[in-house]
Number of protein chains: 2
Amino acid sequence: MEKKVITVSREFGSGGRSIAKELAQRLGWSYYDKELVKEVAAKTGFDPAFIEERGEFAATKSILSYALAGQGTPGVMRGMSASDFLWCMQRDVILELAEKGSCVIVGRCADYILREREDSFHVFVHAPMAFRAERIVRLYGESERSPEQRLQEKDKKRRVNYKHYTGRDWGVCQNYHLSLDSGALGVERCPDLILTAAGLSAPKQEG
Amino acid sequence: MEKKVITVSREFGSGGRSIAKELAQRLGWSYYDKELVKEVAAKTGFDPAFIEERGEFAATKSILSYALAGQGTPGVMRGMSASDFLWCMQRDVILELAEKGSCVIVGRCADYILREREDSFHVFVHAPMAFRAERIVRLYGESERSPEQRLQEKDKKRRVNYKHYTGRDWGVCQNYHLSLDSGALGVERCPDLILTAAGLSAPKQEG
């Protein structure tokens, strides 16, 4: 079946987001990463900054922080934690966007949420620690913590969040149609490999 | 660095072995699967049938079966279980073969054993249960147990053995440069995808 949705899950610093953006550009498809935040904000009334922070890391926050965040949120939550409510809304938005038209979606358990759509193609991008450490320092600069600590923390949050909401282990081959080591393969070579594997080709340029 | 060794780990019934064989043929490289057994037999004096059975499933056997199998095995074992001794010998053979010349190696934790060789490329092939069930019945026929049971048992043995000898989880993206769902992608398309990803091309045919 012709693929209409590509989901890209990724280790922090692996270049997965750049690869996803490039795929969307080449295919002329919609691209949803932070763009998803706007859609969820419109649906929930939550503050975009809150959604962005919690969208991928919800389950790692304390119960107290859920309770505090819940103040002033819509009545439809009916006792759900803000994070669980956000998960449900984000899930609905992802299902709707996939229905609406061809798109590339980054992270947010979209591989799990769309696992039954036969027109979706699920990709995982990872890379060795040293490659990712060099890359995040180059792209995002230094910080108080070592790049290795920053990578481990962010990956751990994604792993815990994924397990909490999907019951599956993050980064297990069987969850994806294709997984690639962008460090060994080269970030710039990944879009072509993904397009070929998915049986997709970029539309011809005019002119 | 130009790749000289490809390791193919695979779920039972995914077509990983056919894919590996095709890769070796196209590249004109040596192919080691059951062929490894002969090498290990020559080195250890073990019976080939014993090596074949234990080579991938060693750690799932009982202590008693180790003790019985140990009867009549070489004195160099010095108190090691037959399975642990076999693991060490098999490891040596894999390291020697990789040193000797370009080759494709199937299973036997070769991805782990050769993880520090920069000229090696590690692949994992998996597929959905229904795809694999249909495939093993077609290739190996029916048996008393359902194809799903046979798949689960064999995958479990491989998983336990891999964990026991490598300390790593089997089928985790980060262990491989590339992982593919042969059910979704098509077994026959996988060799091309692997060659492209590894930056290898088949030698031109004469004539």
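The values are calculated or read from the model by the stated rules, or taken from the named source; none is laboratory data. Treat the numbers as computed from the prediction; the structure is a model and nothing was measured. Because the Cβ atoms are built from the backbone with ideal geometry, glycine has one as well, and the counts that use them run over all protein chains shown.
Annotations for the structure displayed:
- Scan of the stretch B:196-207 for residues that are within 12 Å of chain A (Cβ to nearest Cβ) and either among the aliphatic types (A, V, I, L, M) or free of Cβ contacts under 8 Å to residues at least 60 places away in the same chain (or both), ordered by number: B:Thr196, B:Ala197, B:Ala198
- Out of B:Ala20, B:Ala49, B:Ala42, sole residue that is buried (at least 22 other Cβ atoms within 10 Å of the Cβ) and either free of Cβ contacts under 8 Å to residues at least 12 places away in the same chain or among the small types (Gly, Ala, Ser) (or both): B:Ala20
- Of everything in the stretch B:117-130 that is more than 15 Å from A:Tyr176 (Cα to Cα) and within 12 Å of another protein chain (Cβ to nearest Cβ), the residue that is surrounded by the most Cβ atoms within 10 Å (Cβ to Cβ) is B:Phe121.
- Hits in the stretch A:163-172 - residues which are within 13 Å of chain B (Cβ to nearest Cβ) and touching a residue at least 24 places away in the same chain (Cβ under 8 Å): A:Arg168, A:Trp170, A:Gly171
- Hits in the stretch B:153-207 (condition: of a type in the set (Asp, Glu), at pLDDT 95 or above and surrounded by 19 or more Cβ atoms within 10 Å (Cβ to Cβ)): B:Asp181
- When B:Arg135 is tested against (1) at pLDDT below 95; (2) over 16 Å from B:Ser182 (Cβ atoms); (3) more than 14 Å from every other protein chain (Cβ to nearest Cβ), exactly one condition is not met: (2).
- Screening B:Val160 against (1) more than 20 Å from A:Ala184 (Cα to Cα); (2) touching a Cys at 6+ places or on another chain (Cβ under 7 Å) leaves a single unmet condition, (2).
- For the stretch B:175-189, a tally of residues being assigned to a helix (DSSP H, G or I), out of contact with any Lys or Arg (no Cβ under 9 Å at 6 or more places or on another chain) and either closer than 16 Å to A:His122 by Cα or away from every other protein chain (no Cβ under 14 Å) (or both) returns 2.
- Filter result for A:Gly141 (of a type outside the set (D, E, K, R) and within 14 Å of chain B (Cβ to nearest Cβ)): no
- Residue within the stretch A:152-161 that is out of contact with any helix residue (DSSP H, G or I) (no Cβ under 6 Å at 6 or more places or on another chain), at positive phi and more than 14 Å from every other protein chain (Cβ to nearest Cβ) present: no
- Checking each residue of the stretch A:104-111 against the condition of being in a helix (DSSP H, G or I) and more than 13 Å from chain B (Cβ to nearest Cβ) gives at least one match.
Residues are listed down the side, and each one gets a yes or a no for (1) at pLDDT 90 or above; (2) closer than 30 Å to A:Pro203 by Cβ; (3) within 14 Å of chain B (Cβ to nearest Cβ):
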residue: A:Gly28; (1), (2), (3): yes, yes, no
residue: A:Lys43; (1), (2), (3): no, no, no
residue: A:Glu53; (1), (2), (3): no, no, no
residue: A:Ala58; (1), (2), (3): no, no, no
residue: A:Ile63; (1), (2), (3): no, no, no
residue: A:Arg78; (1), (2), (3): no, no, no
residue: A:Ala82; (1), (2), (3): no, no, no
residue: A:Gln90; (1), (2), (3): no, yes, no
residue: A:Leu95; (1), (2), (3): yes, yes, no
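- Residues that are among the hydroxyl-bearing types (Ser, Thr, Tyr) and farther than 21 Å from B:Gly28 by Cα, drawn from the stretch B:86-119: B:Tyr112
- Considering A:Leu193, A:Leu114, the condition of being touching a residue at least 60 places away in the same chain (Cβ under 8 Å), among the hydrophobic types (A, V, I, L, M, F, W, C) and within 14 Å of chain B (Cβ to nearest Cβ) is satisfied by A:Leu114 alone.
- Within the stretch B:1-29, the set of residues being of a type in the set (Lys, Arg) and outside any strand (DSSP E or B) comprises B:Lys3, B:Lys4, B:Arg17, B:Lys21, B:Arg26.
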